[in-house]
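Engineer: First the structure, then my questions, so here it is.
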Amino acid sequence: MNALHLVSRRKWAPFLWVLPVILLILFVYAYPLVSILRYSVHALQGAKQVFVGLANYRFVSKDFIFWTALRNNAILLINVPILTVIALLVAIPLYEGVKGWRFYRSVIFMPFVLPSVAIGLVFIYILQQNGLVNTVLRAAGLGMVALDWLGNPNLALPTLMAVIIWRELGFGVVLFLAAMTALPEELGEAARLDGANWFQEHLYVTIPQLKPVIRFFVVNEIISMISWVFGYVYVITGGGPGFATQVLELYIWKNAFAYRAFGVASAVAVILLTITLLIMVVGLGALFRSEEEEYV
(Lines give C-alpha, C1' and ligand atoms only; values in the text may rest on other atoms or scores of the structure.)
Protein backbone atom coordinates (compact mmCIF):
# COMPACT_ATOMS: atom_id res chain seq x y z
CA MET A 1 0.00 0.00 0.00
CA ASN A 2 2.83 2.38 0.86
CA ALA A 3 4.57 1.51 -2.42
CA LEU A 4 1.44 2.34 -4.42
CA HIS A 5 1.08 5.59 -2.54
CA LEU A 6 4.74 6.46 -3.26
CA VAL A 7 4.33 5.69 -6.99
CA SER A 8 1.18 7.82 -7.10
CA ARG A 9 3.01 10.72 -5.45
CA ARG A 10 5.87 10.46 -7.91
CA LYS A 11 3.41 10.39 -10.81
CA TRP A 12 1.72 13.63 -9.78
CA ALA A 13 4.79 15.41 -8.41
CA PRO A 14 5.88 17.01 -11.74
CA PHE A 15 2.39 18.40 -12.30
CA LEU A 16 2.30 19.85 -8.79
CA TRP A 17 5.62 21.62 -9.40
CA VAL A 18 4.36 23.32 -12.57
CA LEU A 19 0.85 23.98 -11.23
CA PRO A 20 1.67 27.52 -9.95
CA VAL A 21 3.04 28.50 -13.37
CA ILE A 22 0.00 27.03 -15.12
CA LEU A 23 -2.34 28.95 -12.84
CA LEU A 24 -0.37 32.16 -13.46
CA ILE A 25 -0.55 31.67 -17.25
CA LEU A 26 -4.28 31.00 -17.06
CA PHE A 27 -4.77 34.16 -15.02
CA VAL A 28 -2.63 36.32 -17.32
CA TYR A 29 -4.06 35.05 -20.62
CA ALA A 30 -7.36 33.28 -20.00
CA TYR A 31 -8.97 35.95 -17.81
CA PRO A 32 -8.39 38.83 -20.29
CA LEU A 33 -9.59 36.61 -23.14
CA VAL A 34 -12.82 35.74 -21.35
CA SER A 35 -13.30 39.40 -20.43
CA ILE A 36 -12.86 40.54 -24.05
CA LEU A 37 -15.34 37.94 -25.28
CA ARG A 38 -17.83 39.11 -22.64
CA TYR A 39 -17.34 42.82 -23.39
CA SER A 40 -17.75 42.19 -27.13
CA VAL A 41 -21.41 41.31 -26.60
CA HIS A 42 -22.09 44.17 -24.18
CA ALA A 43 -22.34 47.94 -24.51
CA LEU A 44 -21.77 50.67 -21.96
CA GLN A 45 -24.97 52.56 -21.16
CA GLY A 46 -24.41 55.05 -18.40
CA ALA A 47 -22.47 53.16 -15.76
CA LYS A 48 -23.88 49.74 -16.69
CA GLN A 49 -22.81 47.06 -19.13
CA VAL A 50 -25.89 46.01 -21.10
CA PHE A 51 -26.04 42.81 -23.14
CA VAL A 52 -26.47 43.64 -26.85
CA GLY A 53 -25.68 40.31 -28.48
CA LEU A 54 -23.93 40.69 -31.84
CA ALA A 55 -24.76 44.38 -32.23
CA ASN A 56 -21.11 45.41 -31.84
CA TYR A 57 -20.07 42.99 -34.57
CA ARG A 58 -22.84 44.29 -36.88
CA PHE A 59 -21.68 47.86 -36.25
CA VAL A 60 -18.10 46.95 -37.08
CA SER A 61 -19.13 45.14 -40.26
CA LYS A 62 -20.75 48.37 -41.53
CA ASP A 63 -18.00 50.77 -40.40
CA PHE A 64 -15.85 51.89 -43.34
CA ILE A 65 -13.04 52.85 -40.94
CA PHE A 66 -12.79 49.21 -39.85
CA TRP A 67 -12.59 48.04 -43.45
CA THR A 68 -10.00 50.73 -44.21
CA ALA A 69 -7.91 49.54 -41.25
CA LEU A 70 -8.25 45.92 -42.37
CA ARG A 71 -7.23 46.88 -45.92
CA ASN A 72 -4.17 48.75 -44.61
CA ASN A 73 -3.13 45.74 -42.55
CA ALA A 74 -3.48 43.61 -45.69
CA ILE A 75 -1.32 46.09 -47.64
CA LEU A 76 1.31 45.88 -44.90
CA LEU A 77 1.62 42.17 -45.69
CA ILE A 78 3.50 43.21 -48.85
CA ASN A 79 6.38 43.86 -46.46
CA VAL A 80 6.73 40.13 -45.74
CA PRO A 81 8.10 38.93 -49.12
CA ILE A 82 10.17 42.12 -49.44
CA LEU A 83 11.70 41.57 -46.00
CA THR A 84 12.38 37.90 -46.72
CA VAL A 85 14.19 38.58 -50.01
CA ILE A 86 16.24 41.51 -48.67
CA ALA A 87 17.18 39.60 -45.49
CA LEU A 88 18.44 36.67 -47.58
CA LEU A 89 20.38 38.96 -49.93
CA VAL A 90 22.05 40.65 -46.96
CA ALA A 91 22.63 37.49 -44.89
CA ILE A 92 24.40 35.51 -47.63
CA PRO A 93 27.35 37.96 -48.07
CA LEU A 94 27.65 38.22 -44.28
CA TYR A 95 27.72 34.42 -44.08
CA GLU A 96 30.53 34.32 -46.63
CA GLY A 97 32.59 36.62 -44.41
CA VAL A 98 32.62 39.86 -46.38
CA LYS A 99 35.17 42.30 -44.95
CA GLY A 100 33.74 44.02 -41.86
CA TRP A 101 30.84 41.54 -41.58
CA ARG A 102 30.74 41.76 -37.77
CA PHE A 103 30.29 45.54 -37.94
CA TYR A 104 27.62 45.28 -40.65
CA ARG A 105 25.75 42.62 -38.71
CA SER A 106 25.66 44.82 -35.59
CA VAL A 107 24.53 47.89 -37.54
CA ILE A 108 21.76 45.97 -39.31
CA PHE A 109 20.50 44.31 -36.12
CA MET A 110 20.64 47.44 -33.93
CA PRO A 111 17.31 48.96 -35.14
CA PHE A 112 15.47 45.77 -34.14
CA VAL A 113 16.68 46.17 -30.55
CA LEU A 114 15.36 49.73 -30.33
CA PRO A 115 11.72 50.27 -29.27
CA SER A 116 9.33 51.11 -32.10
CA VAL A 117 8.25 54.29 -30.27
CA ALA A 118 11.81 55.64 -30.25
CA ILE A 119 12.22 54.77 -33.93
CA GLY A 120 8.94 56.51 -34.71
CA LEU A 121 10.01 59.72 -32.98
CA VAL A 122 13.31 59.77 -34.87
CA PHE A 123 11.66 59.23 -38.24
CA ILE A 124 9.13 62.00 -37.62
CA TYR A 125 12.02 64.49 -37.61
CA ILE A 126 13.69 62.78 -40.56
CA LEU A 127 10.61 62.53 -42.82
CA GLN A 128 8.54 65.61 -42.00
CA GLN A 129 8.09 68.37 -44.58
CA ASN A 130 11.24 70.23 -43.49
CA GLY A 131 12.99 67.17 -42.12
CA LEU A 132 16.44 65.77 -42.79
CA VAL A 133 15.52 63.88 -45.98
CA ASN A 134 13.89 66.83 -47.71
CA THR A 135 16.62 69.21 -46.53
CA VAL A 136 19.30 66.99 -48.07
CA LEU A 137 17.29 66.60 -51.29
CA ARG A 138 16.83 70.35 -51.64
CA ALA A 139 20.53 70.98 -50.94
CA ALA A 140 21.40 68.47 -53.68
CA GLY A 141 19.16 70.28 -56.16
CA LEU A 142 16.48 67.58 -56.02
CA GLY A 143 13.72 69.72 -54.59
CA MET A 144 11.19 68.18 -56.99
CA VAL A 145 11.40 64.90 -55.06
CA ALA A 146 11.30 66.54 -51.61
CA LEU A 147 7.79 65.26 -50.92
CA ASP A 148 5.45 65.38 -47.96
CA TRP A 149 6.24 61.82 -46.91
CA LEU A 150 3.94 61.71 -43.88
CA GLY A 151 1.27 64.26 -44.85
CA ASN A 152 0.41 62.94 -48.31
CA PRO A 153 -2.31 60.23 -48.14
CA ASN A 154 -0.74 58.45 -51.11
CA LEU A 155 2.74 58.39 -49.55
CA ALA A 156 2.08 57.94 -45.82
CA LEU A 157 1.45 54.19 -45.88
CA PRO A 158 4.38 53.33 -48.21
CA THR A 159 6.63 55.52 -46.05
CA LEU A 160 5.45 53.71 -42.94
CA MET A 161 6.10 50.38 -44.66
CA ALA A 162 9.67 51.46 -45.45
CA VAL A 163 10.29 52.34 -41.79
CA ILE A 164 8.95 48.94 -40.69
CA ILE A 165 11.18 47.15 -43.21
CA TRP A 166 14.21 49.08 -41.96
CA ARG A 167 13.52 48.06 -38.39
CA GLU A 168 12.46 44.43 -38.96
CA LEU A 169 15.28 43.62 -41.40
CA GLY A 170 17.80 42.98 -38.64
CA PHE A 171 15.75 40.14 -37.16
CA GLY A 172 15.57 38.33 -40.50
CA VAL A 173 19.26 38.80 -41.26
CA VAL A 174 20.43 37.48 -37.88
CA LEU A 175 17.93 34.60 -38.01
CA PHE A 176 19.05 33.49 -41.49
CA LEU A 177 22.71 34.03 -40.65
CA ALA A 178 22.42 31.84 -37.56
CA ALA A 179 20.74 29.11 -39.62
CA MET A 180 23.43 29.31 -42.32
CA THR A 181 26.24 28.79 -39.81
CA ALA A 182 24.67 25.42 -38.92
CA LEU A 183 24.57 24.20 -42.54
CA PRO A 184 27.09 21.56 -43.64
CA GLU A 185 29.80 23.16 -45.76
CA GLU A 186 30.29 19.96 -47.78
CA LEU A 187 27.15 20.58 -49.85
CA GLY A 188 28.37 24.00 -50.97
CA GLU A 189 31.79 22.64 -51.82
CA ALA A 190 30.22 19.81 -53.82
CA ALA A 191 28.09 22.31 -55.75
CA ARG A 192 31.15 24.38 -56.62
CA LEU A 193 33.02 21.29 -57.77
CA ASP A 194 30.09 20.48 -60.04
CA GLY A 195 30.50 23.88 -61.68
CA ALA A 196 27.80 25.86 -59.87
CA ASN A 197 28.40 29.61 -59.78
CA TRP A 198 27.72 31.85 -56.76
CA PHE A 199 24.09 32.46 -57.69
CA GLN A 200 23.35 28.78 -58.43
CA GLU A 201 25.03 27.59 -55.25
CA HIS A 202 22.89 29.72 -52.98
CA LEU A 203 19.68 29.39 -55.01
CA TYR A 204 19.76 25.58 -55.27
CA VAL A 205 21.80 24.58 -52.21
CA THR A 206 21.75 27.20 -49.45
CA ILE A 207 18.20 28.57 -49.65
CA PRO A 208 16.43 25.16 -49.91
CA GLN A 209 18.12 24.15 -46.65
CA LEU A 210 16.74 27.30 -45.00
CA LYS A 211 13.10 26.54 -45.84
CA PRO A 212 11.99 25.78 -42.24
CA VAL A 213 13.62 28.98 -40.96
CA ILE A 214 12.19 31.01 -43.86
CA ARG A 215 8.69 29.66 -43.14
CA PHE A 216 9.05 30.57 -39.47
CA PHE A 217 10.21 34.08 -40.36
CA VAL A 218 7.33 34.54 -42.82
CA VAL A 219 4.71 33.44 -40.27
CA ASN A 220 6.26 35.67 -37.59
CA GLU A 221 6.31 38.70 -39.88
CA ILE A 222 2.73 38.12 -41.09
CA ILE A 223 1.60 38.18 -37.46
CA SER A 224 3.70 41.31 -36.88
CA MET A 225 2.14 43.15 -39.84
CA ILE A 226 -1.34 42.33 -38.57
CA SER A 227 -1.03 42.82 -34.84
CA TRP A 228 2.31 44.44 -33.91
CA VAL A 229 2.46 47.74 -35.81
CA PHE A 230 0.62 49.95 -33.33
CA GLY A 231 3.78 51.67 -32.09
CA TYR A 232 4.84 52.78 -35.55
CA VAL A 233 1.41 54.04 -36.58
CA TYR A 234 0.54 55.77 -33.31
CA VAL A 235 3.81 57.70 -33.09
CA ILE A 236 4.60 58.44 -36.75
CA THR A 237 1.20 59.16 -38.35
CA GLY A 238 -1.51 58.63 -35.74
CA GLY A 239 -3.49 56.79 -38.40
CA GLY A 240 -3.53 59.78 -40.74
CA PRO A 241 -3.62 61.75 -42.85
CA GLY A 242 -7.31 61.00 -42.75
CA PHE A 243 -7.45 57.23 -42.42
CA ALA A 244 -4.57 56.54 -44.82
CA THR A 245 -2.55 54.62 -42.20
CA GLN A 246 -5.36 53.43 -39.94
CA VAL A 247 -4.75 49.86 -38.72
CA LEU A 248 -6.79 47.46 -36.59
CA GLU A 249 -4.75 47.99 -33.42
CA LEU A 250 -5.20 51.76 -33.60
CA TYR A 251 -8.91 51.28 -34.35
CA ILE A 252 -9.21 49.20 -31.18
CA TRP A 253 -7.30 51.76 -29.11
CA LYS A 254 -9.38 54.71 -30.32
CA ASN A 255 -12.69 52.96 -29.66
CA ALA A 256 -11.60 51.79 -26.23
CA PHE A 257 -9.91 54.90 -24.87
CA ALA A 258 -10.92 57.87 -27.05
CA TYR A 259 -14.58 56.99 -27.71
CA ARG A 260 -15.08 54.68 -24.70
CA ALA A 261 -16.85 52.18 -26.96
CA PHE A 262 -15.44 49.20 -25.12
CA GLY A 263 -17.86 46.76 -26.74
CA VAL A 264 -16.83 47.78 -30.26
CA ALA A 265 -13.14 47.68 -29.33
CA SER A 266 -13.57 44.22 -27.80
CA ALA A 267 -15.41 42.95 -30.89
CA VAL A 268 -12.56 44.08 -33.15
CA ALA A 269 -10.03 42.58 -30.71
CA VAL A 270 -11.83 39.25 -31.01
CA ILE A 271 -11.74 39.52 -34.82
CA LEU A 272 -8.04 40.40 -34.76
CA LEU A 273 -7.29 37.52 -32.37
CA THR A 274 -9.20 35.11 -34.62
CA ILE A 275 -7.25 36.23 -37.71
CA THR A 276 -3.95 35.92 -35.86
CA LEU A 277 -4.77 32.45 -34.51
CA LEU A 278 -5.79 31.22 -37.97
CA ILE A 279 -2.50 32.45 -39.40
CA MET A 280 -0.57 30.77 -36.58
CA VAL A 281 -2.39 27.47 -36.98
CA VAL A 282 -2.04 27.40 -40.77
CA GLY A 283 1.53 28.70 -40.83
CA LEU A 284 2.92 26.58 -38.00
CA GLY A 285 1.01 23.56 -39.32
CA ALA A 286 2.74 24.00 -42.68
CA LEU A 287 6.08 24.41 -40.89
CA PHE A 288 5.67 21.19 -38.90
CA ARG A 289 4.50 19.27 -41.99
CA SER A 290 7.56 20.40 -43.93
CA GLU A 291 9.86 19.27 -41.12
CA GLU A 292 8.15 15.88 -40.98
CA GLU A 293 8.52 15.47 -44.74
CA GLU A 294 12.25 16.20 -44.49
CA TYR A 295 12.72 13.42 -41.95
CA VAL A 296 10.63 10.89 -43.90
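Engineer: How many residues does region 216-226 hold that are touching an Asp or Glu at 6+ places or on another chain (Cβ under 9 Å) and surrounded by fewer than 19 Cβ atoms within 10 Å (Cβ to Cβ)?
Structural biologist: Residues that pass the stated criteria total 1.
So that you can scan it fast, the table gives a plain yes or no per residue for (1) more than 18 Å from the chain's Cα centre (by Cα); (2) aliphatic (A, V, I, L, M); (3) at pLDDT below 90; (4) under 28 Å from A162 (Cα atoms):
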| site | (1), (2), (3), (4) |
| --- | --- |
| E221 | no, no, no, yes |
| M225 | no, yes, no, yes |
| Q246 | no, no, no, yes |
| E249 | no, no, no, yes |
| A261 | yes, yes, no, no |
| E292 | yes, no, yes, no |
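Engineer: Hey, can you tell me all the residues within region 15-49 that are surrounded by 11 or more Cβ atoms within 10 Å (Cβ to Cβ), closer than 21 Å to R260 by Cβ and not polar (S, T, N, Q)?
Structural biologist: P32, I36, L37, R38, Y39, V41, H42, A43, L44
Engineer: Yes or no: region 58-69 includes at least one residue that is touching a residue at least 40 places away in the same chain (Cβ under 8 Å), over 30 Å from V219 (Cβ atoms) and in contact with a helix residue (DSSP H, G or I) (Cβ under 7 Å, 6 or more places away or on another chain).
Structural biologist: Among the residues of region 58-69, at least one is touching a residue at least 40 places away in the same chain (Cβ under 8 Å), over 30 Å from V219 (Cβ atoms) and in contact with a helix residue (DSSP H, G or I) (Cβ under 7 Å, 6 or more places away or on another chain), which makes the answer yes.
Engineer: Might you check whether a residue that is more than 23 Å from A156 (Cα to Cα), exposed (fewer than 11 other Cβ atoms within 10 Å of the Cβ) and over 20 Å from the mean Cα position of the chain (by Cα) occurs anywhere in region 58-73? If you could, list the steps in order and put the result at the bottom.
Structural biologist: Narrowing region 58-73 to residues more than 23 Å from A156 (Cα to Cα): 58-62.
In the following step, the residues that additionally are exposed (fewer than 11 other Cβ atoms within 10 Å of the Cβ) were identified as 62.
Now restrict to residues that are over 20 Å from the mean Cα position of the chain (by Cα): 62.
Yes, region 58-73 contains a residue that is more than 23 Å from A156 (Cα to Cα), exposed (fewer than 11 other Cβ atoms within 10 Å of the Cβ) and over 20 Å from the mean Cα position of the chain (by Cα).
Engineer: While we're here: So for region 270-283 (the condition being buried (at least 19 other Cβ atoms within 10 Å of the Cβ), farther than 27 Å from V90 by Cα and of a type in the set (S, T, Y)), does at least one residue qualify?
Structural biologist: no
Engineer: Among the residues of region 96-125, how many are at pLDDT below 90 and either of a type in the set (D, E, K, R) or crowded, with 19+ Cβ neighbours inside 10 Å (or both)?
Structural biologist: 5
Engineer: Which pairs turn up if I take residues in region 85-104 that are in contact (Cβ under 8 Å) with a residue 24 or more places away in the chain and on the phi < 0 side of the Ramachandran plot and look for partners that are among the basic types (K, R) and in a helix (DSSP H, G or I) with beta carbon separation below 6 Å, at least 6 apart in sequence or on another chain?
Structural biologist: Qualifying pairs under 6 Å: L94/R105.
Engineer: Another one. Kindly state which helices (runs of 4 or more DSSP H) lie completely within region 158-257 and contain at least 1 residues that are acidic (D, E). Walk me through it before giving the result.
Structural biologist: Values: elements: 185-193, 198-201, 211-227, 230-236, 248-253.
Once the helices (runs of 4 or more DSSP H) in region 158-257 are filtered for at least 1 residues that are acidic (D, E), what remains is 185-193, 198-201, 211-227, 248-253.
Engineer: Exactly one condition in (1) assigned to a helix (DSSP H, G or I); (2) exposed (fewer than 12 other Cβ atoms within 10 Å of the Cβ) is not met by N130; state its number.
Structural biologist: With respect to (1) assigned to a helix (DSSP H, G or I); (2) exposed (fewer than 12 other Cβ atoms within 10 Å of the Cβ), N130 is out only on (1).
The values are calculated or read from the model by the stated rules, or taken from the named source; none is laboratory data. A quick note: this is a predicted structure, and the numbers were derived from the prediction, not measured. FYI the Cβ positions are ideal-geometry reconstructions off the backbone, even for glycines, and counts take in every protein chain you see.
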